[in-house]
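Have a look at the structure below, then the notes.
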Amino acid sequence: MSLDGFLAKQKDAFVGFSPAVAHAVGEVLDRLGRKVHVEVEGLERLPQGRALLVGNHPFGFDVAFAMARIHAETGRSVFALGEHAWWAVPGVRRLAAAVGTVDGTAENVDRLLAADELVLVLPGGLREAMKPRELRYRLLWGHRYGFVRAALRNHAPLVPLASLGADDLFNLVGDAFARARRLHLPFPLPRPSHLFPMPHFRALRFVIGEPIPVDDSLHDAGHDEEHLVRRLRREVEGAIHEIFEEELAHRVHFGG
């Protein structure tokens, strides 16, 4: 056992999860979100059963507001697939596991989807979260296709989830990973454009897109597995980018 009492198995699906803690934290976040006017659109589009919510990853974990609103409105928990780095931080990892964060392994996502849960994945990970300001509202998913394969294995629809506003809060510059390599650090090091990272006020808004169905009919259409995986990922990316474009066009038109 570690100094904070964390056991390795607690990062697995349902093991470290505490419905009571998740509910209490969700209530606090939802009240805070309402006070600062966080908007969540498209709740009615959430499937009744299992689903894989796929989102962009701005700096920070703003998506917790959307997760809290989903729980408040539907009574359903949203389990998040967390970066492996989560489990290296004492204290934080216990809370993360208690509220529904699990290690992002194929076994964990399969177990959650088999139980008809809502599962959140942010394919861009830390690379996307620490991108410089020039890459705002860009998806940096690289060669990450595992979430699409998980959806196919479990017949779980892919649900686009776009986070709007959080990309504007901080002006990050340069490559956080290259900076870490130069300084021989084991973790990426973001740098704000100014000495003091003052956030820019921007209202946070989340848009849940139309679910993209994943079922046996896709295989029956004659597509091989790799073609299907890439096609489905492009559909999810396209849906999120379309929401981005509408938001940015709205800002230009109304001077936002």
| So, of the residues in the range 97-110 that are farther than 14 Å from Q10 by Cβ and of a type in the set (D, E, K, R), which turns out to be surrounded by the fewest Cβ atoms within 10 Å (Cβ to Cβ)? | E107
| In the range 75-118, residue farthest from L43 (Cα to Cα) [restricted to those that are of a type in the set (G, A, S) and at pLDDT below 90] | A88
| For the range 84-122, how many residues are polar (S, T, N, Q) and touching a Lys or Arg at 6+ places or on another chain (Cβ under 6 Å)? | 0
| query | Among the residues of the range 132-139, is there at least one that is in contact with an Asp or Glu (Cβ under 9 Å, 6 or more places away or on another chain), crowded, with 16+ Cβ neighbours inside 10 Å, modelled with pLDDT of 90 or more and not hydroxyl-bearing (S, T, Y)? | reply | yes
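Say whether the condition of being closer than 27 Å to A203 by Cβ, assigned to a loop (DSSP other than H, G, I, E, B), touching a residue at least 24 places away in the same chain (Cβ under 8 Å) and touching a Lys or Arg at 6+ places or on another chain (Cβ under 9 Å) is met by at least one residue in the range 59-76.
So far as the range 59-76 goes, yes, one or more of its residues are closer than 27 Å to A203 by Cβ, assigned to a loop (DSSP other than H, G, I, E, B), touching a residue at least 24 places away in the same chain (Cβ under 8 Å) and touching a Lys or Arg at 6+ places or on another chain (Cβ under 9 Å).
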| said: Against the condition among the hydrophobic types (A, V, I, L, M, F, W, C), touching a Ser or Thr at 6+ places or on another chain (Cβ under 7 Å), closer than 26 Å to F6 by Cα and outside any helix (DSSP H, G or I), how does A80 come out, does it pass? | reply: yes
| Do any residues in the range 238-250 that are within 17 Å of P211 (Cβ to Cβ) have Cβ atoms under 7 Å from those of residues that are aromatic (F, W, Y), where the two are at least six apart or on different chains, and which pairs are they? | none
| task | Would you please name the residue that is nearest to G55 (Cα to Cα), looking only at residues in the range 118-153 that are in contact (Cβ under 8 Å) with a residue 12 or more places away in the chain and of a type in the set (D, E, K, R)? | result | E128
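It is to be established whether one or more residues within the range 166-180 are assigned to a helix (DSSP H, G or I), modelled with pLDDT of 95 or more, among the small types (G, A, S) and farther than 22 Å from L29 by Cα.
Taking every residue of the range 166-180 in turn, none turns out to be assigned to a helix (DSSP H, G or I), modelled with pLDDT of 95 or more, among the small types (G, A, S) and farther than 22 Å from L29 by Cα.
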| message | Can you tell me which condition R149 does not meet? The list is (1) in contact with a Lys or Arg (Cβ under 7 Å, 6 or more places away or on another chain); (2) surrounded by fewer than 19 Cβ atoms within 10 Å (Cβ to Cβ); (3) not in a loop (DSSP other than H, G, I, E, B), and all the others hold. | response | (1)
| message | So if I check each of P123, P199, which one is out of contact with any Asp or Glu (no Cβ under 8 Å at 6 or more places or on another chain), part of a loop (DSSP other than H, G, I, E, B) and modelled with pLDDT of 90 or more? | response | P123
| task | Pick out the one residue from A51, A72 that is in contact with a Pro (Cβ under 6 Å, 6 or more places away or on another chain) and surrounded by 17 or more Cβ atoms within 10 Å (Cβ to Cβ). | result | A51
| query | Applying the selection to the range 104-117, what residues are of a type in the set (A, V, I, L, M) and under 12 Å from L53 (Cβ atoms)? | reply | V109, L112, L113
| query | Yes or no: D12 surrounded by fewer than 20 Cβ atoms within 10 Å (Cβ to Cβ), in contact with a strand residue (DSSP E or B) (Cβ under 7 Å, 6 or more places away or on another chain) and within 21 Å of A156 (Cα to Cα)? | reply | yes
| query | Looking at the range 168-182, is at least one residue within 14 Å of the chain's Cα centre (by Cα), farther than 15 Å from A51 by Cα and small (G, A, S)? | reply | no
| remark: Residues of the range 231-249 being closer than 14 Å to G55 by Cα and among the small types (G, A, S), in sequence order, are G238, A239
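The values are calculated or read from the model by the stated rules, or taken from the named source; none is laboratory data. Just so it is clear, the model here is predicted, and its values are computed rather than measured. All Cβ positions, even for glycine, are placed from backbone atoms using ideal geometry, and neighbour counts span all protein chains on display.
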